[in-house]
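Data first, discussion second: the structure below is written as structure tokens.
The values are calculated or read from the model by the stated rules, or taken from the named source; none is laboratory data. Just so we're clear, the structure is a prediction, and the values are computed from it rather than from any experiment. Quick reminder, even Gly has a Cβ in these numbers, built from the backbone with ideal geometry, and neighbours come from all protein chains shown. Side chains are part of the model used for accessible areas, which takes the heavy atoms of the whole protein and leaves out ligands, DNA and RNA. Shrake-Rupley method; radii C 1.70, N 1.55, O 1.52, S 1.80 Å.
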Amino acid sequence: MDEPYTGRVSVGDMQRGKNDIGIIILAVSSRNHRYKKLQHRTKNVLNTTVFYKGPAIPVGVDVQVESLDSISEVDMDFTMTLYLRHYWKDERLSFPSITNKSMTFDGRLVKKIWVPDVFFVHSKRSFIHDTTTDNIMLRVFPDGHVLYSMRITVTAMCNMDFSRFPLDSQTCSLELESYAYTDEDLMLYWKNGNESLKTDEKISLSQFLIQKFHTTSRLAFYSSTGWYNRLYINFTLHRHIFFFLLQTYFPATLMVMLSWVSFWIDRRAVPARVSLGITTVLTMSTIITGVNASMPRVSYIKAVDIYLWVSFVFVFLSVLEYAAVNYLTTVQERKERKLREKFPCTCGIPNTKTMMLDGTYSESDANSLAGYTRSQIVIEEEKQDKIVVHLAMNNESNSSRKRGLKGHVGLRIIQNTHAIDKYSRIIFPGTYIFFNLIYWSVFC
């Protein structure tokens, strides 16, 4: 344990302190001497390439991705923060060293020596961090090898395909290339192959799952300047679907199911069914508008568009279904009113009987007329504007009447508005479930 300081300093302590200070001063002066010698040499290196009329100089590159900040579907770009490091050899910067240790400098020396002019292809914005000073490091080794490192944030373009959105995967790339020097002057390469790219394990995005990072390289040709080495940082993103299930698919499905409620509401409740239909249509329109507002204006159909517009069609068809029911109900009531005005008599039957829609009486009504003979009924009919009612009480007439009913099923569906609602209760849900099965099996 260290003893507390008492304020007294011995002669030996003072002597040792002087020796320590002398060592520090000697080390600093030696370092400053080497720095001055290196600075003196940089006077001849300023704005001078290391490959003047010589072979292409190899420049190795490695990258450490610090964070993937954001992905923008509207602007079709991404923002990344990374450490970009260059490795090359410049024999003019070599210096003698007994310990063979490197010297590290800040960004002030970078302006006095040659450094590779690497830039980001297809970048929109980029900057070198400068808090608290410029995040630039230059390390020079005695044999002339140079390490040049920068901390950069870059926003680059990413060509995205939204045909399967939001069940899609996107592949983006960050491209590095020398701006002025062709492949004959500067050979840009990944220093350690695929191991040249390092990523932080904590990198994550709210909407995407980062599947993998990998590196590639190839030559890029410009018709006016020639061939250039280009390096690629590729990464694949798989979109999380849960957010869109909660915000888009689930509300759309609920609106479609809500529109089916009108099939169980009385056809005479016009305000209830009309208001329900209009509400679901407007809600679906709002959902579609909200999704498209956060997407670029692409000229092709997206997967979410298919689902939302099919759901919109189902909601709209439920409104049209009630329009058809209401119209046929009005037509039917008008016809029945005309029949009551034209045939007010019930032909001697004590209680008014209901005529079926196909023009025949029900079986119970026919049984109630069993006490009447055919001649009596005809006489009554002649007295009441000669209404002819054919009653068949035997089995043969009953079977023929049933065959007639089967032949007029289509007519009865049109005339009986309750039947349209009953069929809609089965057809609409069944069709929508079938559509969902096909949709999720294709896009998932």
**Prompt:** Counting just the residues of the stretch 181-218 that are aliphatic (A, V, I, L, M) and open to solvent by 60 Å² or more (accessible area, probe 1.4 Å), which one comes out nearest to residue 243 (Cα to Cα)?
**Reply:** 209
**Among the candidates 250, 221, residue that is farther than 22 Å from residue 159 by Cα and open to solvent by 90 Å² or more (accessible area, probe 1.4 Å)** = 250
**Message:** Among the listed residues 310, 291, 325, identify the single one that is open to solvent by less than 70 Å² (accessible area, probe 1.4 Å), over 29 Å from residue 161 (Cα atoms), in contact (Cβ under 8 Å) with a residue 12 or more places away in the chain and assigned to a helix (DSSP H, G or I).
**Reply:** 325
**Fill in**
Over the stretch 191-245, the set of residues acidic (Asp, Glu) and either touching a helix residue (DSSP H, G or I) at 6+ places or on another chain (Cβ under 7 Å) or not in a loop (DSSP other than H, G, I, E, B) (or both) is 195
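Hey, could you check the stretch 74-99 for residues that are in a loop (DSSP other than H, G, I, E, B) and more than 30 Å from residue 172 (Cβ to Cβ) and say which is nearest to the chain's Cα centre (by Cα)?
First, the residues of the stretch 74-99 that are in a loop (DSSP other than H, G, I, E, B): 74-76, 90, 94-99.
In the following step, the residues that additionally are more than 30 Å from residue 172 (Cβ to Cβ) were identified as 90, 94-99.
Details: 90: 48, 94: 53, 95: 56, 96: 58, 97: 57, 98: 59, 99: 57 Å.
So the residue we want is 90.
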**Asked** So residue 342 fits all but one of (1) exposed (fewer than 15 other Cβ atoms within 10 Å of the Cβ); (2) modelled with pLDDT of 95 or more; what number is the exception?
**Response** (2)
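Take the conditions more than 17 Å from residue 122 (Cβ to Cβ), of a type outside the set (A, V, I, L, M, F, W, C) and touching a residue at least 60 places away in the same chain (Cβ under 8 Å) and apply them to residue 148. Does it pass?
Details: more than 17 Å from residue 122 (Cβ to Cβ): yes; of a type outside the set (A, V, I, L, M, F, W, C): yes; touching a residue at least 60 places away in the same chain (Cβ under 8 Å): yes.
The answer is yes for residue 148.
Quick one: is residue 94 in contact with a His (Cβ under 9 Å, 6 or more places away or on another chain), surrounded by fewer than 16 Cβ atoms within 10 Å (Cβ to Cβ) and in contact (Cβ under 8 Å) with a residue 12 or more places away in the chain?
No; evaluated as a whole, the condition is false for this residue.
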**Prompt:** Restricting to the stretch 70-91, what's the tally of residues that are closer than 26 Å to residue 147 by Cβ and open to solvent by 30 Å² or more (accessible area, probe 1.4 Å)?
**Reply:** 5
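Conditions tested, residue by residue: (1) over 22 Å from residue 188 (Cα atoms); (2) at pLDDT 90 or above; (3) in a loop (DSSP other than H, G, I, E, B).
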| residue | (1), (2), (3) |
| --- | --- |
| 101 | yes, no, yes |
| 104 | yes, yes, no |
| 116 | no, yes, yes |
| 131 | yes, no, yes |
| 146 | no, yes, no |
| 154 | no, yes, no |
| 162 | yes, yes, yes |
| 166 | yes, yes, yes |
| 172 | no, yes, no |
**Fill in**
For the stretch 253-274 the number of residues that are within 21 Å of residue 308 (Cα to Cα) and surrounded by fewer than 17 Cβ atoms within 10 Å (Cβ to Cβ) is 5
**Asked** Does any residue of the stretch 113-125 turn out to be surrounded by 15 or more Cβ atoms within 10 Å (Cβ to Cβ), in contact with a helix residue (DSSP H, G or I) (Cβ under 6 Å, 6 or more places away or on another chain) and in the same structural domain as residue 66 (by the TED database)?
**Response** yes
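When the stretch 97-112 is examined, which residues are found to be open to solvent by 40 Å² or more (accessible area, probe 1.4 Å) and over 30 Å from residue 221 (Cα atoms)?
Step one: of the stretch 97-112, the residues open to solvent by 40 Å² or more (accessible area, probe 1.4 Å) are 98-101, 104, 106, 108, 111-112.
Correct list: 98, 99, 100, 101, 104, 106, 108, 112.
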**Fill in**
Flagged pairs (Cβ under 7 angstrom, 6 or more apart or on separate chains; first in the stretch 116-140, over 24 Å from residue 229 (Cβ atoms); second among the hydrophobic types (A, V, I, L, M, F, W, C) and surrounded by fewer than 17 Cβ atoms within 10 Å (Cβ to Cβ)) are 134/128; 135/128
**Request:** Look through the stretch 416-425, keep the residues that are closer than 12 Å to residue 324 by Cα and open to solvent by 50 Å² or more (accessible area, probe 1.4 Å), and return whichever of them is modelled with the lowest pLDDT.
**Result:** 416
